[in-house]
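Student: Supplied in structure tokens, the structure appears directly below.
The values are calculated or read from the model by the stated rules, or taken from the named source; none is laboratory data. Remember, predicted model here, so these are calculated numbers, not experimental data. Here the Cβ positions follow ideal geometry from the backbone for every residue, glycine too, while neighbour counts run over all protein chains shown.
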Amino acid sequence: MENRIKEFRTKLGLTQEELAKSAGVRRETIVFLEQGKYNPSLQLAFDVAKVLHKTVDELFG
Amino acid sequence: MTAKQFKFAQIISAFVIAIAASQSVATNNFLLLVIVVAVAAPILFWVRSQVKEVMADERDYAIGGIAARWAIQVYSFAAVIGMVALYSQRSINPFYEAIASTLAYSTCFLMILYTLIFRYHQRLKFLADKTAYAAVGILLIIVLIIAGIRLFSGEDDWICQGGQWIKHGNPSFPAPQVECRK
């Protein structure tokens, strides 16, 4: 699934590790998410969006 | 503690348990294995509780589900083929029948267990009625009791008497290879 997680993460100056820790997942999951190789659950999508101060629609829309 | 250190602790525990298991079999002292497992399990649980980072997330659980399903399917398929092959060759070596029976029973048990757990998570988990949980628990206990009675009842077994292995009932496997000392 195409998304803008990497773009918003780098804008905030967060590393993948930091984003993963804040969202409660492993770093590999963030890697796969950013590459569009993993479709997250609604809960994880909301968690990532919250950490990046964006809406789910902005991230995945 | 980091996840890496925990994995290292897991590997060390596995080595220690494997050594204890081999020693137990070699010396016929299974108390050693029980003690080692009884000590190792709480230590591992404690070490696990000290890990602050995320060990597994939703992606791991999803992959784990797929891997478990594949593992069950591959094992069941291989076990059935092995069972048929061994049963057909039991005239060559009587031990083949015992191995085939083990494969057959373990496959059935695995499939029943998988079905029960799957059904539990598919439907019963969402029910507010606690009797459904109790029903699954009771069913599982009944299955285990039946399996236990069948396996440990002593019917159709070899009995050690007067320094010789004597048939009791009609065991489907040959007499044990260990020396009979009663």
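Student: Return yes when B:I112 is away from chain A (no Cβ under 14 Å), assigned to a loop (DSSP other than H, G, I, E, B) and at pLDDT below 90 and no when it is not.
Tutor: In short, no.
Student: In addition: Only residues that are assigned to a helix (DSSP H, G or I) and touching a residue at least 40 places away in the same chain (Cβ under 8 Å): list them for the range A:1-30, please.
Tutor: If the condition is that a residue be assigned to a helix (DSSP H, G or I) and touching a residue at least 40 places away in the same chain (Cβ under 8 Å), then A:I5, A:F8, A:R9, A:L12 are the ones that fit.
Student: If we scan the range B:35-51, do we find a residue that is part of a loop (DSSP other than H, G, I, E, B) and surrounded by 12 or more Cβ atoms within 10 Å (Cβ to Cβ)?
Tutor: Checked the range B:35-51: at least one residue is part of a loop (DSSP other than H, G, I, E, B) and surrounded by 12 or more Cβ atoms within 10 Å (Cβ to Cβ).
Student: Out of (1) under 10 Å from the mean Cα position of the chain (by Cα); (2) away from every other protein chain (no Cβ under 14 Å); (3) not hydrophobic (A, V, I, L, M, F, W, C), the odd one out for A:T10 is which?
Tutor: Here A:T10 meets the rest and fails (1).
Student: I need a count of the residues in the range B:78-106 that are of a type outside the set (S, T, Y), part of a helix (DSSP H, G or I) and free of Cβ contacts under 8 Å to residues at least 24 places away in the same chain.
Tutor: Looking only at that region, the number is 8.
Student: Here's a check for you: in the range B:52-62, which residue that is surrounded by 12 or more Cβ atoms within 10 Å (Cβ to Cβ) and assigned to a helix (DSSP H, G or I) is farthest from the other protein chains (Cβ to nearest Cβ)?
Tutor: Only one residue fits best here, namely B:A62.
Student: If I ask for residues that are modelled with pLDDT under 75 and either assigned by TED's automatic domain parsing to the domain that holds B:V25 or surrounded by 11 or more Cβ atoms within 10 Å (Cβ to Cβ) (or both), which ones from the range B:158-179 would you list?
Tutor: B:P171, B:S172, B:F173, B:P174, B:P176
Student: Which one of A:E2, A:E34 is more than 10 Å from chain B (Cβ to nearest Cβ) and more than 11 Å from the chain's Cα centre (by Cα)?
Tutor: Step by step, each of A:E2, A:E34 is checked, and only A:E2 is more than 10 Å from chain B (Cβ to nearest Cβ) and more than 11 Å from the chain's Cα centre (by Cα).
Student: Here is a check on your reading of the model: is A:A45 buried (at least 18 other Cβ atoms within 10 Å of the Cβ), within 14 Å of another protein chain (Cβ to nearest Cβ), more than 20 Å from B:M55 (Cβ to Cβ) and without any contact (Cβ under 8 Å) to a residue 24 or more places away in the chain?
Tutor: Criteria met by A:A45.
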